[in-house]
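Colleague: What follows is a single structure, and I will ask about it in a moment.
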Amino acid sequence: MKITDTLRYASDAATGTPLRTGLLMLAMSIGVAAVVILTALGDGARRYVVGQFSAIGSNLVIVLPGRSETRGFNPANLVTSTPRDLTVDDASALLRVSGVLRISPVLIGTTEISAAGKLREAMMVGTNDDFIRVRQLKLGLGHFLSKGDLRHGAAEVVLGALIRQEIFGTENPLGKTVRIGDRRLRVVGVLTEGGSGMGMTTDELLIVPVATAQAMLNTNTLFRILVEARSREQIGEVKTRVLKMITQRHEGEEDVTVITQDAVLQTFDKILNVLTLGVAGIAAISLAVAGILVMNVMLVSVTQRTGEIGLLKALGATSAAVRQLFMVEAVLLSLTGGMLGTGLGYLGAAILRHLYPTFPAYPPLWAVLAGLGTALASGLIFGVMPARRAAQLDPIQALTKR
Amino acid sequence: MPEAAESLIVLNGIDRTFTLGDSKVHALRNVNLNIAPGEYIAVMGPSGSGKSTLLNLIGLLDRADAGTYQLEGRDVTTLDPDEQAKVRSERIGFIFQSFHLVPRLTAAANIELPLTLSGMPAAERAKRVSQALKEYGLTDRAQHRSNELSGGQRQRVAIARATILRPAVLLADEPTGNLDRVTGEEVVRLLEALNTQGMTLIVVTHDQALGARARRQIRMDDGSIVSDVTSKPSQPT
């Protein structure tokens, strides 16, 4: 029997019983759709978390002065035991490294702020205008530090929300002058409440231009340099290039440490991937149930069609041909159901995305392929038994039945 | 018995025993039979006499427990199932009391079935099927399913299906059992016409009138042939 004829005969047999075929394909498609939708949810959760991490600056590469790891004996260690300072010039140089989107030098110190007769101790951050973008902070009032030469700081300050409240209350602080340390700075902006990061709240920060801070703290060195890579994929390259650049500038000595936030993110990525796999596993159970249903239906089909099977044998069909007919039918049923389910799953995921636009519920390709593959495999595996039973049927008994 | 002519079917000492529960039923006991090409045989006997078993055995649907069966000079008892299927496909045509049409297929598709199973190319199949439809006067019924056909038409489809590969032997098990007298008569004439063309016809029946039309009548009882009469060629038809 030709394979095209086998296919046609099997699909005729399947469409000959529309209700049974329909129900079976429904069960199979629900199984596959469950896999597709649940993995879309799991993977969506992963993308969502990664996205959120990216939002708080996951593309960050941070340069710290000094080397954190210890190396073996090195003659250079004898000559210079103290690391070179990380300077504003280093920071400016990093802007020329390819893959770097923006940089932010950071200098931190404690100081006092006083205005309207109130005095408060506060943490001061000296940085540049890009800091707000690098750290993804939000401004409540006014504007952030103005763009300018890193070495000539303007006399301006951005206040944390709590400081503003404690010093000015409900009064508008914009344009007012505050005394910070021994300088008088003009308030140009106020951060929104609740910002946090790097282990401290931004509510109690004073943000001033880096040169101003250096002058106040009487230092040339930086606390660290924040480097933002253009994309997540470039983080690795940027990290090496940054290290190379600084090493070059520091006369070939590797006296800085470069770290990324990506390591944390990768851990999350891994955890959520496992979660997705777990969810897919649960969904696969419904596929297995659908597979058993295929077997059930095919067994019923064999019982109902004994007469037909006997006839086929009387007409000269070999056992192999009969087995093939039933196998092909089972595979056709599960595969069609599987494809239907994939469509349903994509539709469901699309509806989810429509309902929750922030949630990227896209089914991963591997899950779709696995779903279809499982449908096909269950058709093959669970089709074997009914097909064998059909092939082994005694033609006389099959014919005399009914 | 036409010993001289080259035999089409030779059964030698055939035994067939069924086990029902713990009792054994002898469906066939030491059956010896010699059938020449082109014979018209009626096998008669009460229910359970073994006549259907005999027919199934000749049709290679059943195996003998003992004895040999030669079809066209070839021992077919020892063939493996796939080879037997090939013999069934090419040399044997079956006609059943309940027609056994595949209900979801059209008349044409039912007739085509043996050709499809044998792996014949589609173009050749279509040609043969349309010719068969014409021969059996079913051309205008070609696209009807079996539930849209009358009993006589169904049996005609079944006969067309059984003979489309030009088998040597046509085995009919109560071919008129489910038909009224007039259509039954029609079907018998059709079968007899095929026999006249040279096809060996073996009919199993309860119907004495139908059995009487055959040139050779075999009576069976309790698994044995009790009488084997060949009447004169002159037939009342």
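Colleague: Which residues, counting only those in the stretch A:147-166, are modelled with pLDDT of 85 or more and either open to solvent by less than 70 Å² (accessible area, probe 1.4 Å) or basic (Lys, Arg) (or both)?
Modeller: Passing the criteria: A:Ala155, A:Glu156, A:Val157, A:Val158, A:Leu159, A:Gly160, A:Ala161, A:Leu162, A:Ile163, A:Arg164.
Colleague: I would also like to ask the following. Of the numbered conditions (1) surrounded by fewer than 18 Cβ atoms within 10 Å (Cβ to Cβ); (2) out of contact with any Ser or Thr (no Cβ under 8 Å at 6 or more places or on another chain); (3) modelled with pLDDT of 90 or more, B:Glu192 satisfies every one except a single condition; which is it?
Modeller: (2)
Colleague: Based on this model, can you work out whether A:Tyr48 counts as modelled with pLDDT of 85 or more and assigned to a helix (DSSP H, G or I)?
Modeller: no
Colleague: Okay, next question. Of the residues A:Arg388, A:Arg323, which single one is crowded, with 19+ Cβ neighbours inside 10 Å, of a type in the set (Lys, Arg) and either free of Cβ contacts under 8 Å to residues at least 24 places away in the same chain or assigned by TED's automatic domain parsing to the domain that holds A:Val32 (or both)?
Modeller: A:Arg323
Colleague: Look at the stretch A:1-40 and say how many of its residues are farther than 30 Å from A:His354 by Cα, open to solvent by less than 60 Å² (accessible area, probe 1.4 Å) and either within 33 Å of the chain's Cα centre (by Cα) or not charged (D, E, K, R) (or both).
Modeller: The number of residues fulfilling the criteria is 10.
Matching residues to (1) in contact with a Leu (Cβ under 7 Å, 6 or more places away or on another chain); (2) away from every other protein chain (no Cβ under 14 Å); (3) not β-branched (Val, Ile, Thr):
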{"residue": "B:Ser47", "(1), (2), (3)": "no, no, yes"}
{"residue": "B:Tyr69", "(1), (2), (3)": "yes, yes, yes"}
{"residue": "B:Gly73", "(1), (2), (3)": "no, yes, yes"}
{"residue": "B:Thr77", "(1), (2), (3)": "no, yes, no"}
{"residue": "B:Pro81", "(1), (2), (3)": "no, no, yes"}
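Colleague: For the stretch A:233-249, check the following and say yes or no: at least one residue is assigned to a strand (DSSP E or B) and closer than 30 Å to A:Ala93 by Cβ.
Modeller: No, the conditions are met nowhere in the stretch A:233-249.
Colleague: Are any residues in the stretch B:104-118 open to solvent by 20 Å² or more (accessible area, probe 1.4 Å), within 29 Å of B:Ile9 (Cβ to Cβ) and either out of contact with any Ser or Thr (no Cβ under 8 Å at 6 or more places or on another chain) or without any contact (Cβ under 8 Å) to a residue 12 or more places away in the chain (or both), and if so, which ones?
Modeller: The answer is B:Glu112, and nothing else.
Colleague: Which one is farthest from B:Ala172 (Cα to Cα) among residues in the stretch B:146-158 that are within 13 Å of another protein chain (Cβ to nearest Cβ) and open to solvent by less than 10 Å² (accessible area, probe 1.4 Å)?
Modeller: Here the answer is B:Val157.
Yes/no per residue for (1) under 26 Å from A:Leu19 (Cβ atoms); (2) out of contact with any Phe, Trp or Tyr (no Cβ under 6 Å at 6 or more places or on another chain); (3) modelled with pLDDT of 85 or more:
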{"residue": "A:Gly345", "(1), (2), (3)": "yes, yes, yes"}
{"residue": "A:Gly348", "(1), (2), (3)": "yes, yes, yes"}
{"residue": "A:Leu369", "(1), (2), (3)": "no, yes, yes"}
{"residue": "A:Gly383", "(1), (2), (3)": "yes, yes, yes"}
{"residue": "A:Gln397", "(1), (2), (3)": "no, yes, no"}
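Colleague: Pick out the one residue from B:Leu61, B:Leu101 that is of a type outside the set (Asp, Glu), within 18 Å of the chain's Cα centre (by Cα), within 14 Å of chain A (Cβ to nearest Cβ) and open to solvent by less than 20 Å² (accessible area, probe 1.4 Å).
Modeller: Just one listed residue meets the conditions, B:Leu61.
Colleague: Could you tell me whether B:Lys51 is within 19 Å of the chain's Cα centre (by Cα), facing another protein chain (nearest Cβ under 9 Å) and of a type outside the set (A, V, I, L, M)?
Modeller: Here the answer is no, as B:Lys51 does not meet what is asked.
Colleague: With the requirement that a residue be within 18 Å of A:Arg8 (Cα to Cα), among the small types (Gly, Ala, Ser) and at pLDDT 90 or above, what does the stretch B:119-150 give you?
Modeller: Hits for the stretch B:119-150 are B:Ala122, B:Ala123, B:Ala126.
Colleague: Further question: From the list A:Leu275, A:Leu299, pick out the single residue that is open to solvent by 20 Å² or more (accessible area, probe 1.4 Å) and in contact with a Gly (Cβ under 6 Å, 6 or more places away or on another chain).
Modeller: Step by step, each of A:Leu275, A:Leu299 is checked, and only A:Leu275 is open to solvent by 20 Å² or more (accessible area, probe 1.4 Å) and in contact with a Gly (Cβ under 6 Å, 6 or more places away or on another chain).
Here is a yes/no grid of residues against (1) surrounded by fewer than 22 Cβ atoms within 10 Å (Cβ to Cβ); (2) touching a residue at least 40 places away in the same chain (Cβ under 8 Å):
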site	(1), (2)
A:Ile309	no, yes
A:Leu312	no, no
A:Ser319	yes, yes
A:Gly337	no, yes
A:Gly341	no, yes
A:Leu355	yes, no
A:Ala375	no, yes
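Colleague: Taking the stated definitions as given, is A:Leu312 part of a helix (DSSP H, G or I), within 14 Å of another protein chain (Cβ to nearest Cβ) and over 14 Å from A:Met298 (Cβ atoms)?
Modeller: In short, yes.
The values are calculated or read from the model by the stated rules, or taken from the named source; none is laboratory data. Computed from a prediction, not measured in an experiment: that's the story for all the values here. For neighbour counting, all protein chains shown are included, and Cβ atoms are generated from backbone atoms with ideal geometry for every residue, glycine included. Keep in mind that these areas ignore ligands, DNA and RNA; they rest on the heavy atoms of the full protein, side chains included. Shrake-Rupley method; radii C 1.70, N 1.55, O 1.52, S 1.80 Å.
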